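Read through the structure below, which is laid out as structure tokens, and then see the notes.
The values are calculated or read from the model by the stated rules, or taken from the named source; none is laboratory data. Just so it is clear, the model here is predicted, and its values are computed rather than measured. Positions of Cβ are generated from backbone atoms using ideal geometry, with glycine treated the same way; all protein chains shown enter the neighbour counts.
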Ligand code: R5P
């Protein structure tokens, strides 16, 4: 429809239309450039709109976490079922054969600076340059954001730096909501942290699942993927995945609940079925048990 000057009505341009109905399958990303949309489409499947990311970046501050001691052995069998690897520069280059990245996205951890030996984990810097991220063919860069922690300002500076440099090359940024030892894990806190990260320009936010998760999703204008967190019984982890996806999460970026599962290969397939096929947690748990029994 055109107005008297021959200009199309604003609604045809998507102005004033809720962002989720504006075309591109990744929330809030309708107006990004071609390269960025291409990278986001490798992470978020255009059919389901969702992503299954496998997180194995723990070593950057936790060292050899249980189940992740030999990334070269544990990651390859799972690769077939995931959309995106999430690892550190060293973890990726030493343990993931580049041939295994065909048709897979790469989420590269680019922040570092503290270790499990510190009381305060929030004192991070950016440890991987944009040139390295480009050389590694990263599809998204991930940096930790510590809202409310002693080094909040530095972590926001890190996030801003990554976004600024990534935007120059069409590489999106994932801001990771970090919860330190004594930090709050309430819906109110997650609404605050995810919204701050999105307003600062992050293209994707990673955060923990929480009660009232719909309100966290609703107030964050970009996709949220959930972190798995500490190992839970497989049944509970699948229930958390289902709850998150059914309440609007755009995906799962899970590590220990897959890698420390009794049967990681069965677990990754059950998680995948929740994320991409929309099955519920009961069906997924049955699927896990069936696959595990084989
Ligand atoms: C977040 O702080 C880091 O990316 C973690 O290393 C990642 O979230 C670990 O995944 P999970 O909690 O599922 O083991």
Residues of region 39-62 satisfying the condition of being outside any helix (DSSP H, G or I) and more than 13 Å from the chain's Cα centre (by Cα): 45, 46, 47, 48, 49, 58
Residues (surrounded by 17 or more Cβ atoms within 10 Å (Cβ to Cβ) and away from the ligand (no atom under 16 Å from the Cβ)) located in region 266-291: 266, 269, 273, 276, 279, 281, 284, 285, 287, 288
Residue count for region 57-94, restricted to those that are closer than 17 Å to residue 133 by Cα and surrounded by 19 or more Cβ atoms within 10 Å (Cβ to Cβ): 10
Only listed residue being assigned to a helix (DSSP H, G or I) and farther than 23 Å from residue 224 by Cα, chosen from 67, 35, 90: 90
Qualifying residues in region 100-131 (those that are in a loop (DSSP other than H, G, I, E, B) and within 12 Å of the ligand (Cβ to nearest atom)) - the one surrounded by the fewest Cβ atoms within 10 Å (Cβ to Cβ): 116
Filter result for residue 225 (under 21 Å from residue 174 (Cα atoms) and within 16 Å of the ligand (Cβ to nearest atom)): yes
The one condition in (1) in contact (Cβ under 8 Å) with a residue 24 or more places away in the chain; (2) at negative phi that residue 49 fails to fulfil: (2)
Region 167-196 - residue that is assigned to a loop (DSSP other than H, G, I, E, B) and modelled with pLDDT of 95 or more and, of those, nearest to the chain's Cα centre (by Cα): 172
Scan of region 47-74 for residues that are within 13 Å of the ligand (Cβ to nearest atom) and touching a strand residue (DSSP E or B) at 6+ places or on another chain (Cβ under 8 Å), ordered by number: 52, 53, 54, 55, 56, 57, 60, 61, 71
Any hit, region 208-219, residues being touching a residue at least 40 places away in the same chain (Cβ under 8 Å), within 12 Å of the ligand (Cβ to nearest atom) and touching a helix residue (DSSP H, G or I) at 6+ places or on another chain (Cβ under 6 Å): yes
Selection status of residue 189, more than 22 Å from residue 115 (Cβ to Cβ), touching a residue at least 24 places away in the same chain (Cβ under 8 Å), within 16 Å of the ligand (Cβ to nearest atom) and surrounded by fewer than 20 Cβ atoms within 10 Å (Cβ to Cβ): yes
Looking only at region 132-148, and only at residues there that are touching a strand residue (DSSP E or B) at 6+ places or on another chain (Cβ under 9 Å) and touching a residue at least 40 places away in the same chain (Cβ under 8 Å), the one that is nearest to the ligand (Cβ to nearest atom): 142
Where residue 44 falls short, out of the listed (1) at pLDDT below 95; (2) crowded, with 17+ Cβ neighbours inside 10 Å; (3) in contact with a strand residue (DSSP E or B) (Cβ under 8 Å, 6 or more places away or on another chain): (1)
Subset of region 243-256 (residues that are in contact (Cβ under 8 Å) with a residue 40 or more places away in the chain and either within 13 Å of the ligand (Cβ to nearest atom) or closer than 15 Å to residue 229 by Cβ (or both)): 249, 251, 252, 253, 254, 255, 256
